Amino acid sequence: VELASGSNAQARAYLNKALQGAPGSVIARRLLASAHLKAGEPGKALEALQPLLARAAPDSIALGLAGEAHMQSGELDKASEMFSLAAKANPANTNNLTALARTRFLKGDAAGAVADLEQIAASDSGPVADLELVNTQLRRRDYAAALKAIDGLERKQPGKPLTEQLRGVAHLGLKDNALARASFEKALSIDATYFPAAFNLAALDIADKKPQAAQQRFDAILKQQPGHLRALMSLADLKARSGAPRQEVVDLLNAAVRQNPSEAAAHLGLVNNLLVNKQIDQALSAAQQAEAAMPNQPAILDALGRAQQAAGQPNQALVT
């Protein structure tokens with residue numbers, strides 16, 4: 001539950017405790033590896049998976065997670081090997097084949113990756129390969145091909161805001177802002193709180209020198225979801241760039257922290273804003289509160305160290 005809720009540190013604590021009581025639990029090891037991958041800790045993920053990988057016939061899920069860990073570490077050859085083994089262990093699971101195609105792209109074989117993904121997407125009723133194909137074409141900046149792939153994704157997942165969001169991104173790549181705006185608007189008509197589309201529309205509004213219209217995009221989401229983290233932080237950033245009173249921006253960032261106490265991004269946004277504006281005492285207090293709420297988080301500790309340094313506490317900063 002903690003992992004699904006985004007409370008990664010608490011999830012890892014529970015899972016480590018579970019493994020102390022049941023070291024042979026396959027499910028606990030898989031979940032712990034997933035939690036480490038979400039936290040950007042591929043080495044710890046591989047450490048958690050090691051007993052499963054050392055078996056005579058490792059299961060495909062463990063092999064797939066190991067592939068993701070090696071990919072995060074930049075070890076693409078090893079990632080390819082793990083995904084290949086995972087695909088052989090469970091040929092019916094196309095996720096591993098899709099991940100294998102992704103490593104092929106990252107290794108520089110874009111054409112081969114596209115060919116693999118097109119083959120998987122054509123034979124699989126699920127959307128995973130289609131989505132990877134769209135993202136690959138967008139990374140290649142082949143926006144016409146991306147639009148074609150989006151049509152394939154839409155046939156499998158009709159009426160989803162993600163499809164229109166991706167279509168809008170492709171139109172932006174083709175420099176067609178009118179079609180992009182129409183796609184993003186359609187995404188919001190499907191789901192009024194779909195943030196990526198609102199964010200892109202706000203960016204178009206700002207480019208058109210309409211900051212008030214951009215602000216209304218975020219206000220609309222916050223009206224329905226008052227604690228929406230990305231909307232609060234984007235609104236704070238917009239107000240800061242528009243020259244709003246400093247306290248108004250800080251109030252929004254404080255609201256983001258108050259309503260999302262377990263999100264590092266909220267704490268970091270507040271601390272960084274206070275440091276940039278030379279509000280050192282407030283920055284130090286905010287960083288200390290962040291560290292108390294989310295102990296042993298590297299990014300939080302880094303922010304606390306910077307605040308201590310700015311406050312003239314070099315020894316404490318060095319320890320932090």
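Temperature 10 °C, viscosity 1.306 mPa s: under these conditions the Stokes-Einstein estimate for region 165-231, based on its Kirkwood radius over C-alpha pairs, is 134 µm² per second. Ratio of Rg to Rh for region 5-162: 1.02 [Cα atoms; Kirkwood radius as inverse mean 1/r over pairs]. As a length-normalised measure over Cα pairs under 8 Å and 6 or more apart, the relative contact order of region 31-175 settles at 13 percent.
On the principal axes of its alpha-carbon atoms, region 232-319 has extents of 37, 26, 15 Å, going from largest to smallest. Under a Gaussian network description of the chain, with springs only between Cα atoms under 10 Å, the residue in Pro161, Pro295, Pro127 that fluctuates furthest is Pro295. Exposed loop sites, defined as trypsin sites (Lys or Arg not before Pro) outside DSSP H, G, I, E and B with at most 13 other Cβ atoms within 10 Å, are absent from the longest region of the chain, namely 56-140. Take every Cα pair under 8 Å whose residues are at least 6 apart in sequence, average their separation, divide by the length of region 163-320, and the relative contact order is 11 percent. Each Lys and Arg Cβ is given +1 and each Asp and Glu Cβ -1; about its Cα centre, the chain then shows a dipole of about 220 debye. D by Stokes-Einstein for region 224-276, Kirkwood Rh over Cα pairs, 10 °C, 1.306 mPa s: 147 µm²/s. Just to be sure I understand: with springs between alpha-carbon atoms less than 10 Å apart, which residue in Ser183, Ser285, Ser60 has the highest mean-square fluctuation in the Gaussian network model of the chain? Highest fluctuation among the options: Ser285. Residues in region 193-300 average 51 Å² of solvent-accessible surface per residue, probe 1.4 Å, ligands and nucleic acids excluded. For region 1-55, the equivalent ellipsoid derived from the alpha-carbon gyration tensor has semi-axes of 17, 13, 8 Å in decreasing order.
Taking the Cβ-Cβ separation of Arg241 and Ile190 as r and a Förster radius of 25 Å, what is the calculated FRET efficiency to the nearest 0.05? So, using R0 = 25 Å, E works out to roughly 0.30. Remark on region 38-112: ratio of C-alpha radius of gyration to 2.2 N^0.38 Å is 1.04.
Measuring with a 1.4 Å probe in the full set of protein chains, what accessible area per residue, in whole Å², belongs to region 68-192? Normalised by residue count, the accessible surface of region 68-192 is 49 Å². Here the contact order of the chain, divided by its residue count and restricted to Cα pairs under 8 Å and six or more residues apart, works out to 6 percent. Here the spin labels are modelled as points 7 Å beyond Cα on the Cα-Cβ line, and at Ala4 and Ser73 they lie 3.1 nm apart. Carbon-plus-sulfur fraction of the accessible area of region 94-170, 1.4 Å probe, in percent? The nonpolar share, carbon plus sulfur, comes to 50 percent.
Treating each Cα of the chain as an identical point scatterer and summing with the Debye formula, the log10 of I(q)/I(0) at q = 0.09 Å⁻¹ comes to -0.62. A viscosity of 1.567 mPa s and a temperature of 4 °C, combined with the Kirkwood radius over Cα pairs in Stokes-Einstein, give a translational diffusion coefficient for region 73-232 of 76 µm²/s. Taken over region 87-179, the ratio of Cα radius of gyration to 2.2 N^0.38 Å equals 1.08.
Counting only protein heavy atoms and using a 1.4 Å probe, what share of the accessible area of region 224-265 belongs to carbon plus sulfur, as a whole percent? Carbon-and-sulfur percentage of accessible area, whole number: 49.
The values are calculated or read from the model by the stated rules, or taken from the named source; none is laboratory data. Fair warning: this is a prediction, and the values are worked out from it, not measured in the lab. No Cβ is skipped: glycine too gets one built from the backbone with ideal geometry, and neighbour counts run over all protein chains shown. Quick note on the areas: whole protein, heavy atoms, side chains included, nothing else; ligands and nucleic acids left out. Shrake-Rupley method; radii C 1.70, N 1.55, O 1.52, S 1.80 Å.
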